[in-house]
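Data first, discussion second: the structure below is written as structure tokens.
The values are calculated or read from the model by the stated rules, or taken from the named source; none is laboratory data. Since the structure is predicted, the reported quantities are computational estimates derived from the model, not experimental observations. Here the Cβ positions follow ideal geometry from the backbone for every residue, glycine too, while neighbour counts run over all protein chains shown. The area values use the complete protein model at the heavy-atom level, side chains included, leaving out ligands, DNA and RNA. Shrake-Rupley method; radii C 1.70, N 1.55, O 1.52, S 1.80 Å.
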Amino acid sequence: MEKLLIKESELKKGDILLYTFINPPEFIPPSKDKTLKELISDNLKVLIDKLIIWTEKSNTTHAALFYDFIKNDDGSTGGQVAEATLPYCQLRTPILAPNLTVSVHRLPNNLDGSLVLNELPPLSETNKDNNGYALAQACVAGLIMLLRTRINPESEEGKKILPLILSFLKILSFPIGKYVDSILPFNKDGKKPFFCSQLVAYCYDMTAVKYKNPEFTVKSPSSSKLGNTLLDYLIKHIDLDAKDELLTSPQDQLFSQIDIDSPELFYAASKIVDEKSSGLFLAANTESPVYKTALSQANDIKSVGPHIKKLIKDILILLGKKADIDKEGLAKTIIDFQTSFIMPSDLENVFEYKGEVVNA
């Protein structure tokens with residue numbers, strides 16, 4: 001990526017800011033100026049940064065949204081960001097820090113990025129009343145990133161086992177992570193907790209739903225092609241004025257019986273990849289009769305993948321036919337699921353790279 005420079009004064013509301021270490025962070029030694037509690041807190045942040053760098057194989061450890069310009073006490077103007085950070089979501093300034101570069105990624109085609117800020121949870125400059133940090137979900141995302149970066153997906157072993165492991169972890173860990181996060185002591189209000197890159201992706205994807213524009217969606221290595229296809233379809237057809245139709249063919253009768261809003265169906269559907277082994281795994285390990293039917297129709301393992309893909313296509317057709325399906329709710333279900341596995345480095349190739357922020 002060509003290195004460009006962008007002045008802080010040129011930032012726009014809703015810009016994605018990615019924080020990358022120039023040199024790996026070091027643990028902070030004890031000093032007279034810090035209490036034990038402060039020392040533990042500071043070194044916990046260093047530890048998290050080190051773990052992110054190790055799992056992602058990237059020095060990009062944090063993501064935020066540019067929020068606005070504010071006047072400082074000395075009369076100067078500075079940038080303010082909205083972010084999810086341990087253990088709270090907050091507004092924070094300054095955006096620049098020693099040993100960090102801040103890169104800017106912006107929507108193409110002059111789309112208004114400020115719209116994404118409307119999807120932020122309630123934030124404040126104090127940490128006392130903010131939504132909690134999604135610690136469990138962040139750990140799950142880190143584990144998946146670790147497997148993704150440490151197992152070569154092009155190797156024979158990677159082609160066989162990686163799709164299976166990642167699919168299993170995502171389907172299993174998503175509800176567990178959400179439950180654990182809901183009972184953590186700093187998530188008392190029951191509102192959805194976020195980690196940094198998840199919050200960024202969530203705000204953009206929800207804006208895509210609100211304005212029915214797929215150009216806002218965050219497509220990353222963590223989001224499957226099928227998941228993106230489902231989401232784009234739902235966004236485009238949320239307000240489709242469809243009339244109830246009689247479903248006459250045997251196939252249509254089968255699909256009319258699907259509980260289309262079941263999390264199981266959409267968690268699985270959004271993560272099916274092209275590899276035949278992953279298709280077989282999902283077909284064989286779900287209680288949904290739909291997947292069992294697709295598996296029974298396949299003559300051998302090689303034909304499982306196409307049957308699963310045909311199944312999803314038929315589901316999309318059904319979504320277009322039935323007027324009583326909450327398409328917006330389904331889109332939010334997919335967004336909730338997909339953004340839970342996006343890490344900071346996943347956002348490096350999202351939208352247009354505008355440059356590295358410099359003070360000016």
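Of all residue pairs spaced 6 or more apart or on separate chains, those with beta-carbon atoms under 9 Å, a first member in region 176-194 that is under 12 Å from Gln137 (Cα atoms) and basic (Lys, Arg) and a second member that is assigned to a helix (DSSP H, G or I) and at pLDDT 85 or above are Lys178/Ala136; Lys178/Gln137; Lys178/Asp336; Lys178/Ser340; Lys192/Asp181; Lys192/Tyr202; Lys192/Asp336.
When region 89-111 is filtered for residues that are among the hydroxyl-bearing types (Ser, Thr, Tyr) and crowded, with 18+ Cβ neighbours inside 10 Å, only Ser103 remains.
Cβ-Cβ contacts under 8 Å between residues 6 or more apart (or on different chains), taken from a first residue in region 226-244 that is modelled with pLDDT of 60 or more to a second residue that is open to solvent by 70 Å² or more (accessible area, probe 1.4 Å) and in a helix (DSSP H, G or I), are listed as Leu226/Lys309; Leu234/Glu328; Ile238/Glu328. Give the residue, chosen from Leu5, Leu17, that is of a type outside the set (S, T, N, Q) and within 23 Å of the chain's Cα centre (by Cα). Exactly one of Leu5, Leu17 is of a type outside the set (S, T, N, Q) and within 23 Å of the chain's Cα centre (by Cα), namely Leu17. Between a first residue in region 70-95 that is closer than 30 Å to Leu184 by Cα and a second residue that is among the polar types (S, T, N, Q) and surrounded by 16 or more Cβ atoms within 10 Å (Cβ to Cβ), which pairs have beta carbons less than 6 Å apart while being 6 or more apart in sequence or on different chains? Pairs that qualify, where the first residue is closer than 30 Å to Leu184 by Cα and the partner is among the polar types (S, T, N, Q) and surrounded by 16 or more Cβ atoms within 10 Å (Cβ to Cβ), are Tyr88/Asn130; Cys89/Asn130; Cys89/Asn131; Gln90/Asn130; Leu91/Gln80; Thr93/Gln80.
Please tell me if Leu17 is surrounded by 15 or more Cβ atoms within 10 Å (Cβ to Cβ), touching a Cys at 6+ places or on another chain (Cβ under 9 Å) and under 23 Å from Glu215 (Cβ atoms).
Numbers: surrounded by 15 or more Cβ atoms within 10 Å (Cβ to Cβ): yes; touching a Cys at 6+ places or on another chain (Cβ under 9 Å): no; under 23 Å from Glu215 (Cβ atoms): yes.
No, not satisfied.
I need the full set of residues from region 328-360 which are open to solvent by less than 10 Å² (accessible area, probe 1.4 Å), assigned to a helix (DSSP H, G or I) and more than 19 Å from Ser222 (Cβ to Cβ), in order please. Listed by number, the list holds a single entry, Leu330. Criterion first (surrounded by 13 or more Cβ atoms within 10 Å (Cβ to Cβ) and at pLDDT 90 or above) does Pro30 satisfy it? The answer is no for Pro30. One residue is enough: does region 112-119 have a residue meeting the conditions at pLDDT below 95 and either open to solvent by 50 Å² or more (accessible area, probe 1.4 Å) or over 23 Å from Glu352 (Cβ atoms) (or both)? No: region 112-119 contains no residue that is at pLDDT below 95 and either open to solvent by 50 Å² or more (accessible area, probe 1.4 Å) or over 23 Å from Glu352 (Cβ atoms) (or both). Farther than 25 Å from Pro175 by Cα, modelled with pLDDT under 80, open to solvent by less than 30 Å² (accessible area, probe 1.4 Å) and not basic (Lys, Arg) - does that describe any residue in region 141-158? Within region 141-158 (the criterion being farther than 25 Å from Pro175 by Cα, modelled with pLDDT under 80, open to solvent by less than 30 Å² (accessible area, probe 1.4 Å) and not basic (Lys, Arg)), the answer is yes, since at least one residue qualifies.
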